[in-house]
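See below for the structure under consideration.
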Number of protein chains: 2
Amino acid sequence: MAGRPRSFDRDSALDTALDAFWRAGYEQTSVSQLTQAIGIQPPSLYAAFSSKDKLFAEAAERYLERFHRGLMASLDRAGTREAIAALLEAAARAHTRPGTPPGCLVLSEPRLRGERENMRAQIAERLRRGQRDGDLSPEVEAGELAALIEAVLAGMSARARDGGTLEELQAISRLALSLLPVPH
Amino acid sequence: MAGRPRSFDRDSALDTALDAFWRAGYEQTSVSQLTQAIGIQPPSLYAAFSSKDKLFAEAAERYLERFHRGLMASLDRAGTREAIAALLEAAARAHTRPGTPPGCLVLSEPRLRGERENMRAQIAERLRRGQRDGDLSPEVEAGELAALIEAVLAGMSARARDGGTLEELQAISRLALSLLPVPH
DNA sequence: TCCTTACTGTAGCAGTCGCTAAAGAATCCT
DNA sequence: AGGATTCTTTAGCGACTGCTACAGTAAGGA
């Protein structure tokens with residue numbers, strides 16, 4: 001049944017791969033960089049993960065679970081303004097957190113366009129809920145405001161990759177919040 | 001003195017190279033893609049432009065002259081709000097203009113970080129002028145507001161690359177404008 | 001103990017990367 | 001015409017890309 005046991009920890013190898021993809025993106029991360037960072041030879045990587053593409057998919061899924069979903073859970077807060085404020089503040093912190101690469105994988109990796117669309121849809125849904133609840137002006141189109149918020153988040157991520165500090169991103173976040181129209 | 005004349009138009013070759021770099025970025029554009037698009041062999045490219053790096057630098061300079069500076073000239077408008085509105089609107093149009101690649105080269109190419117810093121500095125300077133002129137609230141830090149505006153522009157560029165339409169970008173632009181505090 | 005199974009390291013596949021040596025072709029100058 | 005100059009094409013450099021055939025190794029089951 002069982003053969004020779006794997007000589008490396010698949011789970012921590014996935015962490016290492018995620019870090020590499022997050023830092024440099026899919027295209028700029030070579031298989032040889034990955035195997036070197038993990039400390040294995042190519043056949044071991046391919047036995048465990050099938051292909052660079054599948055390895056990325058699994059690393060991205062881990063990113064979603066471990067970083068992205070928690071961040072998006074900020075939207076569950078009561079109060080639309082508080083929810084968006086929490087999302088922006090959490091993003092500012094996450095995008096500049098020491099020990100992880102700067103910026104957001106979802107917002108910077110071209111291959112994750114689908115996740116960006118999910119993200120925008122979730123924000124739009126939260127805004128619509130706010131309009132139903134009466135704590136967001138119904139005069140603004142929720143989809144459009146969600147697109148603006150996504151754009152601000154993408155800009156914050158890009159700024160972080162350019163060396164922007166936590167304080168700079170928090171300033172962006174704080175100023176961006178003032179565009180949420182309160183109900184009259 | 002003069003030897004065999006160049007068989008291709010250096011100027012239009014530079015246009016072709018700019019289009020390629022703009023569309024896919026520096027790293028994702030190979031020399032063989034460039035020579036194929038221009039219709040020449042590698043030695044001709046190297047005789048005319050020295051290296052991929054120098055070719056990119058020249059193409060980027062052309063981008064700045066031909067697209068970026070005109071866009072930034074929107075800031076010269078009288079009225080700070082009008083100036084920022086014009087910049088955002090011009091960006092929405094430029095990032096989705098048919099016949100040119102989607103998005104902004106300055107905002108999407110990692111190598112052009114310095115230009116992004118120039119851009120932010122120019123926006124900040126315009127905002128400070130607005131505060132001196134009294135048509136922008138002096139209570140907001142111009143550098144921070146400039147960072148927010150740059151973030152919105154970067155987000156618009158990213159959205160354009162994801163397939164965002166002119167109308168979507170205009171909606172972002174219009175909503176973003178509401179964060180400009182008027183003087184009390 | 002021996003077989004089966006599944007991993008390991010070595011080595012290298014075909015293809016592409018940025019770039020260039022060498023030789024032929026087209027121009028100007030004398 | 002002949003030489004000098006500068007481009008062109010052909011061909012290919014060494015290094016790297018994602019990936020894999022092959023042989024050796026370490027485990028469990030009979």
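Checking each residue of the range B:80-88 against the condition of being in contact with a Phe, Trp or Tyr (Cβ under 9 Å, 6 or more places away or on another chain) and closer than 22 Å to residue A:156 by Cα gives no match. Here is the figure for the range B:33-53: residues that are under 27 Å from residue B:115 (Cα atoms) and surrounded by fewer than 12 Cβ atoms within 10 Å (Cβ to Cβ) total 2. Look through the range B:11-23, keep the residues that are free of Cβ contacts under 8 Å to residues at least 40 places away in the same chain and surrounded by 13 or more Cβ atoms within 10 Å (Cβ to Cβ), and return whichever of them is farthest from residue B:157 (Cα to Cα). Of everything passing the filter in the range B:11-23, B:13 is farthest from residue B:157 (Cα to Cα). Tell me, please, whether a residue that is touching a helix residue (DSSP H, G or I) at 6+ places or on another chain (Cβ under 7 Å) and surrounded by fewer than 15 Cβ atoms within 10 Å (Cβ to Cβ) can be found in the range A:109-121. No. Here residue A:85 clears all of (1) at negative phi; (2) under 13 Å from the mean Cα position of the chain (by Cα); (3) more than 8 Å from chain B (Cβ to nearest Cβ) except the condition numbered (2).
If the condition is being closer than 19 Å to residue A:162 by Cβ and of a type in the set (Val, Ile, Thr), then the range B:94-131 contributes B:106, B:123. Here A:116, A:132, A:111, A:97 are screened, and the one residue that is of a type outside the set (Phe, Trp, Tyr) and touching a Leu at 6+ places or on another chain (Cβ under 7 Å) is A:116.
Within the range A:28-45, being in contact with a helix residue (DSSP H, G or I) (Cβ under 9 Å, 6 or more places away or on another chain) and either in contact (Cβ under 8 Å) with a residue 40 or more places away in the chain or not polar (S, T, N, Q) (or both) holds for A:31, A:34, A:37, A:38, A:39, A:40, A:42, A:45. Taking the range B:30-77 as the region of interest, the helices (runs of 4 or more DSSP H) fully inside it that hold 3 or more residues being more than 14 Å from chain A (Cβ to nearest Cβ) and within 16 Å of DNA strand C (Cβ to nearest atom) are B:31-38, B:42-49, B:52-63. Checking the range A:44-62 against the condition returns a match, with at least one residue being away from DNA strand D (no atom under 13 Å from the Cβ) and farther than 27 Å from residue B:24 by Cβ.
Laboratory data are not the source of any read-out in this text; all were calculated from the coordinates shown. These numbers come from a predicted model, not from an experiment. A quick note on method: Cβ atoms are made from the backbone with ideal geometry, for glycine too, and the neighbour counts reach across all protein chains shown.
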